[in-house]
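One structure is given below, encoded as structure tokens.
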Amino acid sequence: MFIGSSAPTNRTGVTYGRAAARAGTRGPHGRGWLFAGMAVALVALAPILAIVAVAGGAAESVWPHLVAYVLPEAIRQTAMLVTGVGILVIVMGTCLAWLVVAYDFPGRRLLEWALLLPLAMPTYIVAYVYLDVLHPIGPVQSVLRTVLGITNPRDLSFPDVRSMGGCIILLSFVLYPYVYASVRATFLVQAGGVVEASHSLGAGRFRTFLSIAVPLARPAIVAGATLALLETLNDIGASEFLGVRTLTVSIYATWINRSSLAGAAQIALFMLAVVITLVVIERIVRRHADYADAEPGRLKPKQLTGWAAMAAMSIAALPVLVGFVVPVLHLCNEAYKRLRFAGFSHSLVDAIRNTASLALVATAVTLALGACVIVALRLAAHRSPSDVRRAGLAARVASLGYAVPGTVLAIGLMVPLATIDNTIDAALRASFGISTGLILSGTVVALIYAYAARFLALAVGGLEAGLAKVPLTLDDAARTLGAHSGGLIRRIHLPLLWPAIASAAILIFVDCMKELPATLLLRPLDFETLATQLYAEASRGTYEDGAIAALLIVLVGFFPVVWLARLSRHGFVRSRRATSGRADDIDGDLSAGRQPGF
């Protein structure tokens, strides 16, 4: 992006030319913040570097075994799952976005934001619910046998949800909102002018959709699909519950069942290469998508009546029913039966306390680390262009963890934490004869580290978007009055950043509560969160006992989705009021998969 002349700029509105002009106004502590931001980036990068080191230094006998017996099937099933989910979420998300933008039908305004509700459902909870709902003695098959007069469950031929097809369908009904949100934002802001021009040339709505709207939204489609595929690769609960042995499941099984850290690291390294490939493809597609900057203008929806209106309403309502309403109703029913029969168990109370306290601490740590990165980026504006580039690189590196699956991150953390523990223990043994044992490994510190590294991108993105709306002239005025870096941050930036801090904190807290893969691998012994307790109950087949934990996770995840729906609804109005250069500010963040700021 360029502003005015050819001076390059970053998202905080800092031009390198302007930074050079401010080189003489350096605060006394600006360099310290830069070092702090680079240190945070190094902390976030450490697990990835550790995976490379462990995988590269593994015994030669491990890799042949993986190649012969583990990787072929894991790669095949992962490729099938990713391909199937990718196709379905692209088709569902794009078609639903066009449906609610280009047509008007009964319930459209409600369904327009309700289509985002499946984002509140973790994939492992949806799999957990439908395993129970579609069980041979579950409600669906029981009703079918009653209607058909069949008494023996084995006599009813019913598709098995524990299959590759079942996994693809269920994950798609949960993950399509990533594509829907980004593509709808593009249609709202950019489709009006070119679509009306297409109509004036005699093209119908369907032809316009295929030849104009879809190519126009291709960057948004790729961005949303990439996020959905990264979530698919990160999933462990749904895949394992539904009998699909992905690379993520193989990493977990190799470490838990074989106690082979080297083998798990080598699979993780291969999976990391897959993730990097996805991200690179997404960046390349978006980089060469200049045609997407169409003239802003809202498309006037076509009024549907009769059977067409009912069909449109049914099509739009189906994903909401499958991805949100049915799971919530089933969880409410099972939770009610459980509470009526046995009440709250002590283990559930412990899991709630563990989850809330862990998520709160991890959220605070993540926000603090993200603030270091963003403050360094902001203060670099008053220094040299090289400092701006270093701070920008630190921000990008610190955000890498969000693209790394939780199992990969957890495996990468084991070696650095164990090294630190062993170093401290050896030093104290040599000096005082005291053995400290494990200080970091196998403790909540490891979990907090994993959460912070994985969700640091949410803090960096949220704070960066919020700080971009604070003009640099305020910094100049404060420095003219003698403010140093600390005073500038405390008195100017923090008061103006509270909305962005709050929104980022909500998203980080919810993601920490829902995180399952990293928690399974790094949690202390006898330490359960709501996610791990649900996983344990589902593994034992006691679905009703995990219903309360699942319902609590969904309820907490519901609020950010409502906030996102409100932001999505008002984003077009706000963008039209903005300047032409920032006409798609809010919706652009959504289409890029970034955390929008206030």
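The values are calculated or read from the model by the stated rules, or taken from the named source; none is laboratory data. Computed from a prediction, not measured in an experiment: that's the story for all the values here. Here the Cβ is made from the backbone with ideal geometry for all residues, glycine too, and neighbour counts use every protein chain on show. Ligands, DNA and RNA are excluded from the accessible area calculation, which covers all protein heavy atoms including side chains. Shrake-Rupley method; radii C 1.70, N 1.55, O 1.52, S 1.80 Å.
Can you pull out the residues in the stretch 93-112 that are of a type in the set (Ser, Thr, Tyr) and over 21 Å from residue 228 (Cα atoms)?
So in the stretch 93-112, the residues of a type in the set (Ser, Thr, Tyr) come out as 94, 103.
Result: 103, single match.
What pairs can you find where one residue is in the stretch 243-261 and open to solvent by 30 Å² or more (accessible area, probe 1.4 Å), the other is of a type outside the set (D, E, K, R) and not in a helix (DSSP H, G or I), and their Cβ atoms are less than 7 Å apart, with a gap of 6+ or different chains?
Filtered contacts from the stretch 243-261: 243/163; 252/236.
Scan the stretch 109-144 residue by residue and report those that are of a type outside the set (A, V, I, L, M, F, W, C) and more than 27 Å from the chain's Cα centre (by Cα).
Matches in the stretch 109-144: 135, 136, 138, 139, 141, 142.
Filter the stretch 408-450 down to residues that are crowded, with 16+ Cβ neighbours inside 10 Å and in contact with a Lys or Arg (Cβ under 7 Å, 6 or more places away or on another chain) and give me whichever is farthest from residue 231 (Cα to Cα).
447
Which one of 546, 541 is open to solvent by 10 Å² or more (accessible area, probe 1.4 Å), of a type in the set (Gly, Ala, Ser), within 30 Å of residue 345 (Cβ to Cβ) and modelled with pLDDT of 55 or more?
Numbers: 546 fails: open to solvent by 10 Å² or more (accessible area, probe 1.4 Å).
Among 546, 541, only 541 is open to solvent by 10 Å² or more (accessible area, probe 1.4 Å), of a type in the set (Gly, Ala, Ser), within 30 Å of residue 345 (Cβ to Cβ) and modelled with pLDDT of 55 or more.
Being modelled with pLDDT of 90 or more and open to solvent by less than 30 Å² (accessible area, probe 1.4 Å) is the requirement here; does residue 312 meet it?
Yes, satisfied.
Looking at the stretch 509-533, which of its residues are farther than 15 Å from residue 231 by Cα, out of contact with any Ser or Thr (no Cβ under 8 Å at 6 or more places or on another chain), at pLDDT 90 or above and not in a helix (DSSP H, G or I)?
Selection gives 527 alone.
Which number in (1) open to solvent by 20 Å² or more (accessible area, probe 1.4 Å); (2) of a type in the set (Gly, Ala, Ser); (3) at pLDDT 90 or above marks the one condition that residue 239 misses?
(1)
Restricting the search to the stretch 365-395, which residues are closer than 17 Å to residue 458 by Cα and free of Cβ contacts under 8 Å to residues at least 12 places away in the same chain?
The answer is 368, and nothing else.
Condition check: in a helix (DSSP H, G or I), of a type in the set (Val, Ile, Thr) and under 30 Å from residue 351 (Cα atoms). Does residue 397 satisfy that? Break it down stepwise before answering.
Working: in a helix (DSSP H, G or I): yes; of a type in the set (Val, Ile, Thr): yes; under 30 Å from residue 351 (Cα atoms): no.
For residue 397, the condition - in a helix (DSSP H, G or I), of a type in the set (Val, Ile, Thr) and under 30 Å from residue 351 (Cα atoms) - is not met.
Quick check on the stretch 275-284. Is at least one of its residues touching a helix residue (DSSP H, G or I) at 6+ places or on another chain (Cβ under 7 Å), assigned to a helix (DSSP H, G or I) and at pLDDT 85 or above? Walk me through how you get there before you give the answer.
Quick first cut of the stretch 275-284, residues touching a helix residue (DSSP H, G or I) at 6+ places or on another chain (Cβ under 7 Å) only: 275, 278-279, 282.
Checking the rest, the ones that are also assigned to a helix (DSSP H, G or I) come to 275, 278-279, 282.
When the remaining residues are screened for being at pLDDT 85 or above, the result is 275.
Yes, there is a match, as at least one residue in the stretch 275-284 is touching a helix residue (DSSP H, G or I) at 6+ places or on another chain (Cβ under 7 Å), assigned to a helix (DSSP H, G or I) and at pLDDT 85 or above.
Residues that are modelled with pLDDT of 90 or more and among the hydroxyl-bearing types (Ser, Thr, Tyr), at least 2 per element: which helices (runs of 4 or more DSSP H) completely within the stretch 76-165 meet that?
Details: elements: 108-114, 123-133, 139-148.
Result: 123-133.
Here are some conditions: (1) of a type outside the set (A, V, I, L, M, F, W, C); (2) in contact with a Phe, Trp or Tyr (Cβ under 9 Å, 6 or more places away or on another chain); (3) modelled with pLDDT of 85 or more; (4) open to solvent by 60 Å² or more (accessible area, probe 1.4 Å). Residue 454 meets all but one. Which one does it not meet?
Single failed check for residue 454: (4).
Sort out which residues of the stretch 328-358 are within 27 Å of the chain's Cα centre (by Cα), small (Gly, Ala, Ser) and farther than 14 Å from residue 534 by Cα, and write them in order of number.
356, 357
Kindly indicate whether residue 89 is β-branched (Val, Ile, Thr) and open to solvent by less than 60 Å² (accessible area, probe 1.4 Å).
Working: β-branched (Val, Ile, Thr): yes; open to solvent by less than 60 Å² (accessible area, probe 1.4 Å): yes.
So residue 89 passes the test.
From the residues in the stretch 507-517 that are out of contact with any Gly (no Cβ under 8 Å at 6 or more places or on another chain) and more than 11 Å from residue 462 (Cα to Cα), which one is least open to solvent (accessible area, probe 1.4 Å)? Break it down stepwise before answering.
As a first pass, look at the stretch 507-517 and keep what is out of contact with any Gly (no Cβ under 8 Å at 6 or more places or on another chain): 508-509, 511-512.
Subsequent filtering for residues that are more than 11 Å from residue 462 (Cα to Cα) retains 509, 511-512.
Working: 509: 49, 511: 31, 512: 5 Å².
Only one residue fits best here, namely 512.
Pick from the stretch 265-282 the residues that are among the β-branched types (Val, Ile, Thr) and more than 16 Å from the chain's Cα centre (by Cα): which of them is surrounded by the most Cβ atoms within 10 Å (Cβ to Cβ)? Please lay out each step first, then the result.
Taking the stretch 265-282 first, the residues among the β-branched types (Val, Ile, Thr) are 267, 274-277, 279-281.
Now drop any that are not more than 16 Å from the chain's Cα centre (by Cα), which leaves 267, 274, 277, 280-281.
Numbers: 267: 28, 274: 18, 277: 10, 280: 10, 281: 12.
Here the answer is 267.
Show the residue pairs meeting these rules: Cβ distance below 7 Å; 6+ apart or different chains; first residue within the stretch 301-326 and without any contact (Cβ under 8 Å) to a residue 60 or more places away in the chain and farther than 15 Å from residue 93 by Cα; second residue not in a helix (DSSP H, G or I) and not aromatic (Phe, Trp, Tyr).
Nothing qualifies.
Return the residue satisfying two criteria in turn: it lies in the stretch 459-477 and is open to solvent by 20 Å² or more (accessible area, probe 1.4 Å) and among the acidic types (Asp, Glu), and of such residues it is modelled with the lowest pLDDT.
If we filter the stretch 459-477 for residues that are open to solvent by 20 Å² or more (accessible area, probe 1.4 Å), which is where we start, we get 464, 468-469, 471, 473-474, 476-477.
Imposing the further condition that a residue be among the acidic types (Asp, Glu) reduces the set to 464, 476.
Working: 464: 83, 476: 73.
For the stretch 459-477, the residue satisfying everything is 476.
For the stretch 478-499, check the following and say yes or no: at least one residue is crowded, with 22+ Cβ neighbours inside 10 Å, modelled with pLDDT of 85 or more and hydrophobic (A, V, I, L, M, F, W, C).
no
Output the residues belonging to the stretch 366-384 that are surrounded by fewer than 19 Cβ atoms within 10 Å (Cβ to Cβ) and either in contact with a Lys or Arg (Cβ under 6 Å, 6 or more places away or on another chain) or part of a helix (DSSP H, G or I) (or both). Show your work before the answer.
We begin by selecting, within the stretch 366-384, every residue surrounded by fewer than 19 Cβ atoms within 10 Å (Cβ to Cβ); these are 368, 384.
Correct list: 368 only.
With the checklist (1) more than 28 Å from residue 455 (Cβ to Cβ); (2) of a type outside the set (S, T, N, Q); (3) loosely packed, with under 13 Cβ neighbours inside 10 Å in hand, flag the one item residue 62 doesn't pass.
(3)
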